[in-house]
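> One structure, as structure tokens, below. Some questions next.
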Amino acid sequence: MDTAKLRSHQKWIQEELERCVSFWLRNGMDPQYGGVYTCLDRKGEIYSTDKSVWMQGRCGWIFAYLCHVYGVKEEWLAASRSCLEFMEKYCINHAAGGRMYFTVTEDGKPLRQRRYYYSEAFYASANAEYYGITGDKVCLERARRAYNMYWDLAHGAPDPVGMPPKTIPETRSGRTFGLPMIILNVISILLRVDPEHRAEYEQRAQECVDEIFRYHVKPDLKCLLENVDVDGTPRLYYTEGRVVNPGHDIEGVWFLLEHARRTGDQALIGKAAQIFDWAIEAGWDKEYGGLLYFVDCLGKPPEAYEHDMKLWWPHNEILIASLMLYRDTGEEKYLDWYERTADYCKKHFSDPEYGEWYGYLRRDGLPTQPSTKGSTFKGPFHLPRCLILCDQIFDQLLAKGQG
């Protein structure tokens, strides 16, 4: 193990983290209404004042998690608290069973409700992490309420919002990979901060892992499918049924690795590594470098217009998962993938002049114009999470190398 090389990699990670966190604290936080603006251009200027509810939860979590990892700083804790308070005041639809909105105005007026319940997942994560730092029991109660709502809705409970399914269920219904994957990550946070309910969390986490492998992992196709039939049968006769999102798969890989590390499931490490290998082989652009956004499992044309773009977050997930796999397997090829991806990110995504990363690149690696550092879907989450986790893994690797 080349410890000098690892220290060099870690130094870059730490510098990027400092720039990223400073960018959002300087430009994103709303001192008037609370919460965070995420539609920011390259320099950090706001180009839309509408607020993403996903991002209020994600930002609330990330700043509390910074406190967990590096020690409490009042500026971080205040940013987390601001997002939590904004969600509590404005982002819950009390007339629809406590479901949460998807977007609101800057002063909290509801704009859009979606059938999906990822807003609830990120709200649960933020409240759980804040409880872990402050001991505020109200936050734990909120986290458990939202987590249980998500779990129940994902397992067939009637949705109080009343929106119809995406497709007419009598014609087509099925399963989506995102549902067990996201709640698995939420549960990992709850497990850390709420040991009183450990048995429940462990049982549900294992159910998520089992569901992913029972229904979505397809060794014969060498991929993980985003959408399958209710019984897991691949639906290869239309485009959505053939979708592979390599970055999503790789994000799921490190969620599985966290579960394997916590439970001691060595076999799961190998299974997760196989998913990574499939996804990186299918998705890495051999002409321009970087990870394609969508591919078709049979090599047919993807339907999404953005399928050949390079987005920031899948590259964040490669950095995390490859470094975890190197730590857990010792295989040099995973460190090679970390370095190859980091080199691409330094060249194309990173912006040392203004901080943070470009969110959206063309296939050739140039930023879309005008370039953006944030959007309804991009805020202080994927990148800082990646940088924090990689920083921790480098600590673990360096401690092992010096042991």
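The values are calculated or read from the model by the stated rules, or taken from the named source; none is laboratory data. What you see is a predicted model; the values in this text were computed from it and never measured. When we count neighbours, we look across all protein chains shown, and the Cβ atoms used for this are built from the backbone with ideal geometry, even at glycine.
Quick grid of which residues meet (1) within 28 Å of H216 (Cβ to Cβ); (2) in contact with a helix residue (DSSP H, G or I) (Cβ under 6 Å, 6 or more places away or on another chain):
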position	(1), (2)
L111	no, no
Y117	yes, yes
Y123	yes, yes
G135	no, no
L140	no, yes
A146	yes, yes
G156	yes, no
L184	yes, yes
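> Could I ask something else about it? Does the stretch 131-141 include one or more residues that are outside any loop (DSSP other than H, G, I, E, B) and among the hydroxyl-bearing types (S, T, Y)?
yes
> Please indicate, with yes or no, whether at least one residue in the stretch 46-62 is touching a residue at least 12 places away in the same chain (Cβ under 8 Å), β-branched (V, I, T), within 30 Å of L361 (Cα to Cα) and assigned to a helix (DSSP H, G or I).
yes
> Just to be sure I understand the filter: pairs with C-beta atoms under 8 Å, separated by 6 or more residues or on different chains, first member in the stretch 136-156 and closer than 27 Å to S173 by Cβ, second member among the polar types (S, T, N, Q) and in a helix (DSSP H, G or I). Which pairs pass?
A146/N127
> Could you tell me whether any residue of the stretch 13-28 is of a type in the set (G, A, S), surrounded by 21 or more Cβ atoms within 10 Å (Cβ to Cβ) and either modelled with pLDDT of 95 or more or outside any loop (DSSP other than H, G, I, E, B) (or both)?
yes
> Does Q56 satisfy the criteria of being polar (S, T, N, Q) and within 27 Å of M100 (Cβ to Cβ)?
Spelling it out, Q56 is indeed polar (S, T, N, Q) and within 27 Å of M100 (Cβ to Cβ).
> Continuing with this model, one more query. Specify which of the listed residues (L323, L383, L292) is in contact with a Cys (Cβ under 6 Å, 6 or more places away or on another chain), buried (at least 23 other Cβ atoms within 10 Å of the Cβ) and either among the aromatic types (F, W, Y) or over 29 Å from M29 (Cβ atoms) (or both).
Sole residue among the options that is in contact with a Cys (Cβ under 6 Å, 6 or more places away or on another chain), buried (at least 23 other Cβ atoms within 10 Å of the Cβ) and either among the aromatic types (F, W, Y) or over 29 Å from M29 (Cβ atoms) (or both): L323.
> Could I ask something else about it? Among the candidates L77, L66, L84, single out the residue that is in a helix (DSSP H, G or I), more than 20 Å from N185 (Cβ to Cβ) and within 22 Å of the chain's Cα centre (by Cα).
Only one candidate qualifies: L77.
> Considering only helices (runs of 4 or more DSSP H) fully contained in the stretch 288-403, which possess at least 1 residues that are touching a Gly at 6+ places or on another chain (Cβ under 8 Å) and either without any contact (Cβ under 8 Å) to a residue 24 or more places away in the chain or of a type in the set (K, R) (or both)?
In the stretch 288-403, 332-348 are the helices (runs of 4 or more DSSP H) which contain 1 or more residues that are touching a Gly at 6+ places or on another chain (Cβ under 8 Å) and either without any contact (Cβ under 8 Å) to a residue 24 or more places away in the chain or of a type in the set (K, R) (or both).
> Exactly one of these conditions fails for G232: (1) surrounded by fewer than 18 Cβ atoms within 10 Å (Cβ to Cβ); (2) at negative phi. Give me its number.
Going through the list (1) surrounded by fewer than 18 Cβ atoms within 10 Å (Cβ to Cβ); (2) at negative phi, G232 breaks only (2).
> Examine the stretch 254-272 for a residue that is within 14 Å of T341 (Cβ to Cβ) and either modelled with pLDDT of 95 or more or part of a helix (DSSP H, G or I) (or both), and state whether such a residue exists.
Yes, that holds for at least one residue.
> Output the number of residues of the stretch 253-287 satisfying the condition of being closer than 30 Å to R362 by Cβ and either surrounded by 17 or more Cβ atoms within 10 Å (Cβ to Cβ) or among the hydrophobic types (A, V, I, L, M, F, W, C) (or both).
Residues flagged as closer than 30 Å to R362 by Cβ and either surrounded by 17 or more Cβ atoms within 10 Å (Cβ to Cβ) or among the hydrophobic types (A, V, I, L, M, F, W, C) (or both) within the stretch 253-287 amount to 11.
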